[in-house]
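K.L.:
After the structure tokens below, expect a handful of questions from me.
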Amino acid sequence: MAYYERLTALDASFLGIEDENLHMHVGGVLLFDNAPVLTPEGGIDITRIRAAIASRLHLVPRFRQKIGYIPWEGAPVWVDDERFRLAYHVRHTALPRPGSDRILKRLVGRIMSQALDRRRPLWEMWVVEGLEGNRFALISKAHHCMIDGVSGADLMSVILSPFENEELPPPEPWTPRPRPTRAHLFADALVRRIDQPGEAARTLYQTLNDPEARQELADRATGVLQAFAPALVPTSRTPLNVDVGPHRRFDWTDMRVGDLKSVKNVLGGTLNDVVLATVSGALRRFFDQRGEDLTDLEVRALCPVSVRTQDERGSLGNKVSQLTVPLPIDIEDPVKRMEAVWKTTADLKESKQALGGEALTAISEWTVPNVLVQAVRLAARARPYNLVVTNVPGPQIPLYFLGARMLASFPVVPLFQEMGLAVGLFSYDGGLYWGLNGDWEHLPDLHELILAIESSFRELQQAASEVASGERKPPVRRPMRSRKRAAS
């Protein structure tokens, strides 16, 4: 039987907004102890690694599918790749020994500067040996149309295990399903368009006759207005808002989750609020170093929010909305800065912004292709935010790959139009791992921002210590409200 699967409007939008400068792949840099996967000659056993990944591919069928297109309409669909070769996707390279983290970061930037080949399944994994400290790296790269942050975190369980000595089964046989003909695709699309008005009418009738559904519709309508509101008042142009080119720099740092929790327990808010307060203080330092006037500087972060239900965890595709969060970089005092952040996010969580983003995505499913793409591009030109900050919770236990313990996992978040910096965070086994993806030309001082993040957090730690000891006045708290969906 011929097989295909239509991409959702949100997934398709990540294909549509991609161009020669804006590569829409997400990724990660995973560091491992290399001892369990060494060959007798001292290199990494790439054959064994490929066999281990092959044994898991039946759990993620999307990784053996590529993009096709519906004739005339142009909507993308998933079809099986009849030429799939694992060796193309799982690549092997080495750093000049002893390879430092600095050299590895440069390699990550180079890999992330190259677009994925749309004629093949949209993912790569690079196995990197030669890293100092008896480590090797696994650099993952997958198109955003395949995964979002939360589903990507769930997919770690496909190749990683909580058991150090887990036995892997042999790869399951796989035969690609036939690709549908152009006539088949066109006919299905025509039937879908004919059915849409009737389906929309039925949905509207059911909604108008259900009080709960009417209230949800009203909430979503309010959310749409709130989601559009930031675009009506552009942010300030900062050194981060540049004409993004194709080349990337990547840098990282790490902290302990317990240290951030200690700060929020004293100063209020959530762990995500501590992250945003840290970013705010870091940008204040960074902009000051660049000679920027901090007076009346309006800076906002786009914070993706997962709308993935518990039943949908582990599935591919995107289930995200967003919040636009003002960052108080004008506030010098770290306690007041933290207070400003958690009061703002508390209000946003009570707003309908996330529902609005969800509604816009749902509306786009009823329209012609590329409507969502054009809406995203128009919104980006209005500069509603300056950067992305996204925090994905991961497993808090050690994970292993072929007996090699994972030591760290740094996320790579794509850049968007006129936005030269994306900040990703991933928590794992008690650590919080920061990955900064930046434009090569406009952020040659990206490591200075890493240093600013570390200084900003130390400042928060010191302030929390002074509040706890009674040396400083604590922030004014208000009751914590019910928690909403977790950030992605």
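K.L.:
Of the residues 274, 266, 279, which is modelled with pLDDT of 95 or more, open to solvent by 10 Å² or more (accessible area, probe 1.4 Å) and of a type in the set (Val, Ile, Thr)?
P.N.:
266
K.L.:
Counting only residues that are open to solvent by 20 Å² or more (accessible area, probe 1.4 Å) and touching a Pro at 6+ places or on another chain (Cβ under 6 Å), how many does region 74-86 have?
P.N.:
Initial filter on region 74-86 (open to solvent by 20 Å² or more (accessible area, probe 1.4 Å)): 74, 82-86.
Right, trim to touching a Pro at 6+ places or on another chain (Cβ under 6 Å) and you get 74, 82.
Matching residues across region 74-86 total 2.
K.L.:
Please determine whether any residue of region 393-406 is outside any loop (DSSP other than H, G, I, E, B), among the polar types (S, T, N, Q) and on the phi < 0 side of the Ramachandran plot. Lay out the reasoning, then the answer.
P.N.:
So the first thing to find is which residues in region 393-406 are outside any loop (DSSP other than H, G, I, E, B), and the list is 393, 400-401, 404-406.
Narrowing further to those that are among the polar types (S, T, N, Q): none.
No, region 393-406 contains no residue that is outside any loop (DSSP other than H, G, I, E, B), among the polar types (S, T, N, Q) and on the phi < 0 side of the Ramachandran plot.
K.L.:
Quick one: residue 429 ticks every box in (1) open to solvent by 10 Å² or more (accessible area, probe 1.4 Å); (2) out of contact with any Phe, Trp or Tyr (no Cβ under 7 Å at 6 or more places or on another chain); (3) under 22 Å from residue 291 (Cβ atoms); (4) among the acidic types (Asp, Glu) except a single one, so which number is it?
P.N.:
Here residue 429 meets the rest and fails (3).
K.L.:
Restricted to region 155-191, and to residues that are of a type in the set (S, T, N, Q) and part of a loop (DSSP other than H, G, I, E, B), which residue is nearest to residue 75 (Cα to Cα)?
P.N.:
Narrowing region 155-191 to residues of a type in the set (S, T, N, Q): 157, 161, 165, 175, 181.
If we keep only those that are part of a loop (DSSP other than H, G, I, E, B) as well, we get 165, 175, 181.
Working: 165: 45, 175: 25, 181: 15 Å.
Ranking the candidates gives 181 first.
K.L.:
When the residues of region 149-191 are filtered to those that are among the hydroxyl-bearing types (Ser, Thr, Tyr), open to solvent by 70 Å² or more (accessible area, probe 1.4 Å) and over 16 Å from residue 52 (Cβ atoms), which remaining residue is modelled with the lowest pLDDT?
P.N.:
Step one: filter region 149-191 for residues among the hydroxyl-bearing types (Ser, Thr, Tyr), giving 151, 157, 161, 175, 181.
Keeping just the survivors that are open to solvent by 70 Å² or more (accessible area, probe 1.4 Å) gives 157, 175, 181.
Imposing the further condition that a residue be over 16 Å from residue 52 (Cβ atoms) reduces the set to 175, 181.
Numbers: 175: 95, 181: 90.
Among residues in region 149-191 that are among the hydroxyl-bearing types (Ser, Thr, Tyr), open to solvent by 70 Å² or more (accessible area, probe 1.4 Å) and over 16 Å from residue 52 (Cβ atoms), the one modelled with the lowest pLDDT is 181.
K.L.:
Based on what the data block shows, is residue 419 within 20 Å of residue 281 (Cα to Cα) and open to solvent by less than 40 Å² (accessible area, probe 1.4 Å)? Explain how you work it out, then say what you get.
P.N.:
Details: within 20 Å of residue 281 (Cα to Cα): yes; open to solvent by less than 40 Å² (accessible area, probe 1.4 Å): yes.
In short, yes.
K.L.:
Can you tell me which residues in region 411-449 are polar (S, T, N, Q) and assigned to a strand (DSSP E or B)? Write out each step before concluding.
P.N.:
Of all residues in region 411-449, those polar (S, T, N, Q) come to 417, 427, 437.
The answer is 427, 437.
K.L.:
Here is a list: 25, 89. Which entry is free of Cβ contacts under 8 Å to residues at least 40 places away in the same chain and open to solvent by less than 30 Å² (accessible area, probe 1.4 Å)?
P.N.:
Working: 25 fails: free of Cβ contacts under 8 Å to residues at least 40 places away in the same chain.
Matching residue, one of 25, 89: 89.
K.L.:
Does residue 74 satisfy being in contact (Cβ under 8 Å) with a residue 24 or more places away in the chain and in a loop (DSSP other than H, G, I, E, B)?
P.N.:
yes
K.L.:
Quick one: in region 453-488, which of the residues that are of a type in the set (Ser, Thr, Tyr) and at pLDDT 95 or above is most open to solvent (accessible area, probe 1.4 Å)? Can you show your working first?
P.N.:
From region 453-488, those of a type in the set (Ser, Thr, Tyr) are 455-456, 465, 469, 482, 488; that's our starting set.
Now narrow it down to the ones that are at pLDDT 95 or above: 455-456, 465.
Numbers: 455: 34, 456: 0, 465: 66 Å².
For region 453-488, the residue satisfying everything is 465.
K.L.:
Listed residues 103, 111, 67; which is among the β-branched types (Val, Ile, Thr), over 23 Å from residue 249 (Cα atoms) and outside any loop (DSSP other than H, G, I, E, B)?
P.N.:
Values: 103 fails: over 23 Å from residue 249 (Cα atoms); 111 fails: over 23 Å from residue 249 (Cα atoms).
Every option except 67 fails the conditions.
The values are calculated or read from the model by the stated rules, or taken from the named source; none is laboratory data. Owing to the predicted nature of the structure, the values given are computational and were not obtained by experimental measurement. Ideal geometry is used to build each Cβ from the backbone, glycine not excepted, and the neighbour counts take in all protein chains shown. Surface areas here come from the heavy atoms of the whole protein model, side chains and all, with no ligands, DNA or RNA. Shrake-Rupley method; radii C 1.70, N 1.55, O 1.52, S 1.80 Å.
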